[in-house]
1. Would you check which residues across the stretch 121-178 are away from the ligand (no atom under 14 Å from the Cβ), open to solvent by less than 20 Å² (accessible area, probe 1.4 Å) and of a type in the set (Asp, Glu) and list them?
2. Under 9 Å by Cβ, and 6 or more places apart or on different chains, what pairs join a residue from the stretch 157-183 that is on the phi > 0 side of the Ramachandran plot with one that is open to solvent by 10 Å² or more (accessible area, probe 1.4 Å) and among the hydroxyl-bearing types (Ser, Thr, Tyr)?
3. Can you name the number of the only condition in (1) over 22 Å from Val116 (Cβ atoms); (2) of a type in the set (Lys, Arg); (3) in contact with a strand residue (DSSP E or B) (Cβ under 6 Å, 6 or more places away or on another chain) that Lys244 fails?
4. Pick from the stretch 46-77 the residues that are open to solvent by 20 Å² or more (accessible area, probe 1.4 Å) and within 16 Å of the ligand (Cβ to nearest atom): which of them is farthest from Pro191 (Cα to Cα)?
5. Which pairs have Cβ atoms under 7 Å, sit 6 or more apart or on different chains, and link a residue in the stretch 118-133 that is more than 10 Å from Gly99 (Cα to Cα) and without any contact (Cβ under 8 Å) to a residue 40 or more places away in the chain to one that is more than 13 Å from the ligand (Cβ to nearest atom) and of a type in the set (A, V, I, L, M, F, W, C)?
6. Would you mention how many residues in the stretch 223-253 are more than 30 Å from Met6 (Cβ to Cβ), within 16 Å of the ligand (Cβ to nearest atom) and part of a loop (DSSP other than H, G, I, E, B)?
7. From the list Ile16, Ile105, pick out the single residue that is at pLDDT 95 or above, within 16 Å of the ligand (Cβ to nearest atom), surrounded by 15 or more Cβ atoms within 10 Å (Cβ to Cβ) and of a type in the set (A, V, I, L, M, F, W, C).
Amino acid sequence: MYNDEMLIAGLQELSIPYDADKLDKLHKYYEMMVEKNKVMNLTSITEYEDVVVKHWLDSLCFAKIYLKKASDASGKVMSKDSGEESVSRSIRLIDIGTGAGFPGIPIKIFFPEIEVTLLDSLNKRIVFLQDVVNQLGLNTISCIHGRAEEFSNKAEYRERYDYAVSRAVARLASLSELCIPFVKVGGYFLPYKSEGAAEEIDESRFAIKALGGKIERILDYQIPTSELPRKLVVVNKVAACSPKYPRGGGKPMKAPLLSK
Ligand code: SAM
């Protein structure tokens, strides 16, 4: 019923392993999203081919960073033969302002080993996502209703994640204050941005540094199977975040950290 030629070409381009079960999960997710979209605002993109490219393959560009970091890390793990216990611990990722589940749900489907938290301030979307998680039988994933700037002050969320991802939520200087406090030192904040974000990225350098981050690089690419240009900013958390961040009273949005 679904033509997955483009999806499979995109997955292959990203070197993401797939099987029939993962594709079935995406189909079910698509059906649930389109159905729910009739009664609440989840997405303006509903044609299957558009969803494949603009939601799924875009979300899965996370693989450009994750697969590289995972292979670097496994190269560094010492085996028992070399006299060291090999330690395997789960990778934790939070998707801030996940909306209809992007990029967090496609990441969870294709990288089930990652423990995922989906966070959104609109409860209706979180109720929808919990239903998706149940229907798809996804494990080690939690759907949380709340504001990023409140949750990152809680001990069980603060500096506890290897990756914080976020797409289409706020300008980068504001978004950095919402996201970087969740990331553990050594982890990564990966904001998905559009082609025209160069100025916004420049404007965010002061905030990123103040929050303990460092821009490692900016990845420019086209979403696989398309000519749609995107940027993924790779922010490494190099120092602990001062307890004064995030600031209260809506300041991250109203008065972003910008150099004077
Ligand atoms: N990330 C999704 C995507 O790319 O399709 C959704 C983007 S949608 C435009 C922005 C989402 O961010 C909304 O669902 C909104 O409720 C959520 N949001 C905005 N500010 C937030 C905050 N401070 N904390 C948590 N979620 C927030």
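1. Result: Asp162, single match.
2. Ala168/Tyr192; Ala168/Ser194
3. It fails just one condition, (3).
4. Here the answer is Glu47.
5. Val133/Ile141
6. Number of matching residues: 6.
7. Being at pLDDT 95 or above, within 16 Å of the ligand (Cβ to nearest atom), surrounded by 15 or more Cβ atoms within 10 Å (Cβ to Cβ) and of a type in the set (A, V, I, L, M, F, W, C) holds for just one of Ile16, Ile105, which is Ile105.
The rows are residues; the columns are (1) surrounded by 12 or more Cβ atoms within 10 Å (Cβ to Cβ); (2) within 17 Å of Arg147 (Cβ to Cβ).
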residue: Lys193; (1), (2): yes, no
residue: Glu200; (1), (2): yes, no
residue: Arg205; (1), (2): yes, no
residue: Gly213; (1), (2): yes, no
residue: Ser226; (1), (2): yes, no
residue: Arg230; (1), (2): yes, no
residue: Arg247; (1), (2): yes, yes
residue: Gly250; (1), (2): no, yes
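The values are calculated or read from the model by the stated rules, or taken from the named source; none is laboratory data. Since we're looking at a predicted model, the values are computed, not measured. As a convention, Cβ positions derive from the backbone with ideal geometry for all residues, glycine included, and neighbour counts pool all protein chains shown. The area values use the complete protein model at the heavy-atom level, side chains included, leaving out ligands, DNA and RNA. Shrake-Rupley method; radii C 1.70, N 1.55, O 1.52, S 1.80 Å.
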